[in-house]
Amino acid sequence: MHNNLIGELTVMDIMDCKPNYAALGRKYGMDWRTVKKYHKGYKGKPHSRDKPSKLDPYRELIIDKLRIKHVTVKGVYEFMVKQYGIEQIGSYSNFATYVKRHRLKSYAIPETGHPRVELPPGKQAQVDWKEDIHLVSKYGEIFVVNVFHITLKYSRFSYLECTLNKRAEDVERCLVNAFRFFGGVPEELLFDNMSTVVTVRGNTRKLTSEISRMSKDFGFKVRLCKTRQPQTKGSVEARNKMIDWIRPYQDEFEDIEDLFRIVTMINKDINLNICQETQMPPMSLFYKEKEYLQHAPNEVIIDTYLQPNRIRVSKDALIRYGGKRYSVDPKLINEFVTVDVLEDILYIYYRGKLVTYHPLNDNPINYKEEHYSQLMSGKIKEEDMNTRVSENLKMMDSILQIRKVDVSASEATSSETALIAYISKSEFGKWVITHYAHLSNDKQLIFRKGRNSVLPYIGNDEAFIQRIKFSMKENCCRSIDFDCLINDFMATSEAETVLTDEGYEILRKKYEKELTEFIEGFIEDQNYEEDNSLPDIPLE
């Protein structure tokens with residue numbers, strides 16, 4: 001219609017006639033002001049708009065995040081909202097449309113469907129792992145983590161926990177933490193054929209003793225998925241995709257504690273997001289389902305799963321591990337914690353939750369600055385805190401380094417003081433020195449003479465001091481040089497030997513007769529054992 005109007009206005013201009021805007025408006029069914037706009041050059045609304053989007057400034061960042069392996073559009077959207085706010089990013093539908101219109105991510109072919117099954121509240125929870133997620137921190141450090149995921153079938157309410165391993169004790173700890181999070185225990189748990197839960201031999205499947213014991217203690221039944229049919233636990237599988245919301249945090253987090261915090265934050269977001277199957281947020285349905293969950297057992301039983309090897313936190317907020325001491329939050333003083341070691345990192349847990357971690361090292365005392373600051377709080381002025389904490393920690397490290405005494409085996413023969421300093425550098429040294437202190441003067445002299453007779457020939461200090469511990473029990477190290485000779489004669493690898501090559505030859509010549517007698521006796525013993533051994537029993 002507007003083309004006819006423009007044509008008529010053009011003819012009037014050629015004929016030099018002044019248009020009657022009101023009459024033309026009535027003729028073409030529009031306001032006279034619109035007719036005037038067309039006369040002044042207006043071309044009408046464009047068929048397609050080239051209006052800039054509010055997401056354009058973030059285009060490159062969105063592309064970078066979508067390139068991360070296994071990442072989802074929803075995961076990137078949640079990350080962007082957390083970083084820049086929903087006012088800047090807008091709704092998810094607009095975000096997804098922007099990604100699709102600009103072809104920022106290729107979309108996978110949808111999978112084939114399977115029957116949907118629903119269960120009443122409190123009936124079932126489905127368990128799975130999101131395994132081996134590789135993430136790089138903002139400092140370039142690579143972390144490989146797993147996310148334990150359990151979802152209540154009725155409400156889709158989920159519990160996530162970031163873990164470093166997938167052992168039986170990790171499954172037990174995560175389940176206990178999940179039951180505490182839910183405030184109860186469902187009637188049954190549905191697992192796939194994970195090795196920590198079931199042993200598969202051919203067509204036979206048998207529950208592990210750990211999960212069987214736990215099911216009795218907590219009162220749940222164990223159900224297993226059909227082999228190669230993960231859709232059996234479709235609810236947890238579907239929501240597993242939401243765990244990929246962690247992937248956009250690549251290059252954004254600081255350390256493992258920060259990563260654990262992000263997983264906890266994602267857990268809350270998952271439970272608040274409207275589920276496509278129920279059209280309700282899981283948190284809303286969980287309000288009803290929690291009433292149907294069974295009660296968990298008493299804390300005494302629960303603690304056996306969370307704290308199998310407990311370490312008490314000292315009044316200076318330190319725990320002892322491997323002969324060294326490591327700090328935790330001072331709030332945990334007098335509490336019990338558990339530890340786990342992975343790739344030379346000591347991870348410390350309280351009631352099943354990771355609270356801190358330390359690289360294993362040779363420093364006798366290892367304080368984190370934030371833990372030491374909390375201990376100092378209230379003892380000095382707040383404005384002096386950073387300076388004093390930094391100075392004290394530096395001084396402590398300096399003194400600990402000064403305390404390290406490096407005495408060689410040959411130097412240890414010079415005096416009793418040098419001998420004690422030499423022994424104390426070993427992890428076995430404390431035991432040896434304690435027993436030495438309780439010997440009579442005569443036996444101490446025997447001990448020192450025995451030690452001095454072999455010290456010039458020592459090649460492996462740690463193995464030698466370990467040898468002292470056994471020889472001290474036997475005869476106060478009276479014959480330790482011969483003991484070391486026999487040790488090296490029987491050793492199967494160089495790491496087990498105590499003496500230098502030169503020292504071995506010197507002592508071999510010194511004890512040539514005794515060594516020959518030992519070898520003959522050893523051969524006789526071997527022959528006797530072979531003659532009197534039981535006949536082999538054939539396997540059925």
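Taken together, the values in this text are just the output of simple stated rules run on the coordinates, not laboratory data. All of these numbers come straight from a predicted model, not from anything done at the bench. All Cβ positions, glycine included, derive from the backbone under ideal geometry; neighbour counts span all protein chains shown.
Could the peptides 434-444, 459-469, 318-328, 292-302 be put in order, highest first, of the mean number of other beta-carbon atoms found within 10 Å of their residues?
On the way: 434-444: 12.0, 459-469: 19.5, 318-328: 17.8, 292-302: 13.7.
The packing order, highest mean first, is 459-469, 318-328, 292-302, 434-444.
Let me check I've understood the local charge: for ARG312, count other residues with C-beta under 11 angstrom from its C-beta, Lys and Arg +1, Asp and Glu -1. What total comes out?
Numbers: positive: ARG310, LYS315, ARG320; negative: GLU335.
Net local charge, ARG312 excluded: +2.
Derived scalar couplings between HN and Hα for segment 69-83 equal 4, 6, 6, 10, 4, 4, x, 5, 4, 4, 5, 5, 5, 5, 7 Hz in order, rounded to whole Hz, by the Karplus curve 6.51 cos²θ - 1.76 cosθ + 1.60 (θ = phi - 60°), x for Gly and Pro. Estimated from helices alone, the mean residue ellipticity of the chain at 222 nm is -13500 deg cm²/dmol (sum of -39500 (n - 2.57) over DSSP H runs with n ≥ 4, per residue).
I want the local charge near SER155. Using Cβ-Cβ distances under 10 Å, sum +1 for each Lys or Arg and -1 for each Asp or Glu among the other residues. Could you put the intermediate results ahead of the total?
Details: positive: LYS153, ARG156, LYS288, LYS290; negative: GLU289.
Once positives and negatives cancel, what remains is +3.
Please say if segment 465-509 is rounded, prolate or oblate, where rounded means a/c under 1.5 for a ≥ b ≥ c the square roots of the C-alpha gyration tensor eigenvalues, and otherwise the choice is prolate for a/b larger than b/c and oblate otherwise? Oblate shape, in that a/c is at least 1.5 and b/c is the bigger or equal ratio. So what's the gap between the Cα centers of segment 76-94 and segment 495-510, to the nearest angstrom? Segment 76-94 and segment 495-510 have Cα centres separated by 72 Å. Beta bridges per DSSP, both residues in the chain: antiparallel share near 80 percent.
Karplus-derived 3J(HN,Hα) values for segment 465-478, using 6.51 cos²θ - 1.76 cosθ + 1.60 with θ = phi - 60°, are 5, 5, 5, 4, 4, 6, 5, 5, 5, 6, 8, 6, 6, 5 Hz; glycine and proline are entered as x.
Going down the list LYS315/LYS430; LYS65/LYS324; LYS331/LYS473; LYS221/LYS331; LYS138/LYS221; LYS54/LYS268, which pairs span over 32 Å between their C-alpha atoms? Display every interim value, and only then the final one.
On the way: LYS315/LYS430 23 Å; LYS65/LYS324 42 Å; LYS331/LYS473 43 Å; LYS221/LYS331 38 Å; LYS138/LYS221 43 Å; LYS54/LYS268 27 Å.
Result: LYS65/LYS324; LYS331/LYS473; LYS221/LYS331; LYS138/LYS221 exceed 32 Å.
Separation of segment 122-188 and segment 413-471, taken as the distance between their Cα centroids, equals 51 angstrom.
Near LEU346, the amide H atoms lying under 5 Å from its own belong to HIS358, LEU360; only residues 5 or more places off or on other chains count, and H is placed 1.01 Å from N. Note on the chain: Cα convex hull, mean projected area over all directions, 47.4 nm².
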